[in-house]
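Take a look at the structure below.
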Amino acid sequence: SGSGKTSIHRIHIDEGHIEYHATGEVPGSLLNQFSMDEQGEYFRVATTAWNASTFGAQQINNVYVLDQKLDIYGRLENLAPGEQIYSARFMGNRCYLVTFEVIDPLFVIDLASPGNPRVLGELKIPGYSGYLHPFDENHLIGIGMLDSTVKIALFDVTDTGNPEEIST
């Protein structure tokens, strides 16, 4: 929306009956459908927002965990200042984000404690991944660009504090 926030609505559909349940709001905007996810009682979103300061506006990236009333229950803010989210993927209790300016950081984010999301590790490599796809529990495929060439990378996130690009 024009206010720099995204509105989220929760409805319940049961046997043809639609019932409105809640509305909420988070700072920033979502890149695409992969920037949001529902697990158990929580709705998780990754956003890019503009942070205005005395030195000018700067892009920042955030992960929010919302409860059933769509109130913010947990937050991880100010990731990769000056960059924007190029891809996001939620898998179980983890979120993987790729932001981009010049170097491509892959963030591994722990969501096991919904009220306290935290960065477990990050990997900085040239180029960017515009799409992340789960291969299995410990590997991601990233598809993106490097110097105007298509780049496909395989990431090993077995050691969440030290993700690795194991093949390109």
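Listed values, structure above:
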{"quantity": "Straight-distance crosslink candidates among lysines, where the alpha carbon sits under 18 Å from Lys151 and sequence neighbours closer than 8 are dropped", "calculated": "Lys124"}
{"quantity": "Per residue accessible area in Å² of segment 62-168, where ligands, DNA and RNA are left out and the probe is 1.4 Å", "calculated": "47"}
{"quantity": "Order of exposure, largest accessible area first, which applies to Tyr20, Tyr42, Tyr64 with probe 1.4 Å", "calculated": "Tyr20, Tyr42, Tyr64"}
{"quantity": "Whole-Å semi-axes of segment 75-168's equivalent ellipsoid (Cα gyration tensor)", "calculated": "21, 16, 10"}
{"quantity": "Three-way shape label, segment 36-128, alpha-carbon gyration tensor, a/c 1.5", "calculated": "oblate"}
{"quantity": "Built amide H within the under 5 Å cut-off of Tyr131, gap 5+", "calculated": "Ile143"}
{"quantity": "Solvent-accessible surface (1.4 angstrom probe) belonging to Val119, in square angstrom, nearest 10", "calculated": "50"}
{"quantity": "Surface share of carbon and sulfur [accessible, 1.4 angstrom probe, percent] for segment 1-81", "calculated": "51"}
{"quantity": "Length-normalised contact order of segment 1-95 in % [C-alpha pairs under 8 Å, at least 6 apart]", "calculated": "23"}
{"quantity": "Hits among aspartates and glutamates - C-alpha to C-alpha of Lys69 under 19 Å, sequence gap 8 or more where chains match", "calculated": "Asp14, Glu19, Glu25, Asp37, Glu38, Glu41"}
{"quantity": "Thr6 accessible area, assembled protein chains, probe 1.4 Å, Å²", "calculated": "30"}
{"quantity": "Kirkwood hydrodynamic radius of the chain, from inverse mean 1/r over distinct Cα pairs, in Å", "calculated": "16.6"}
{"quantity": "Nearest-10 value in Å² for the accessible area of Ser148, using the 1.4 Å probe", "calculated": "110"}
{"quantity": "Additional length obtainable on full extension of the chain from Ala112 to Ala57, 0.36 nm per residue less Cα span", "calculated": "16.6 nm"}
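The values are calculated or read from the model by the stated rules, or taken from the named source; none is laboratory data. Since this is a predicted model, take the numbers as computed values, not measurements. Remember, those area values only see protein heavy atoms, side chains included, never the ligands or the DNA or RNA. Shrake-Rupley method; radii C 1.70, N 1.55, O 1.52, S 1.80 Å.
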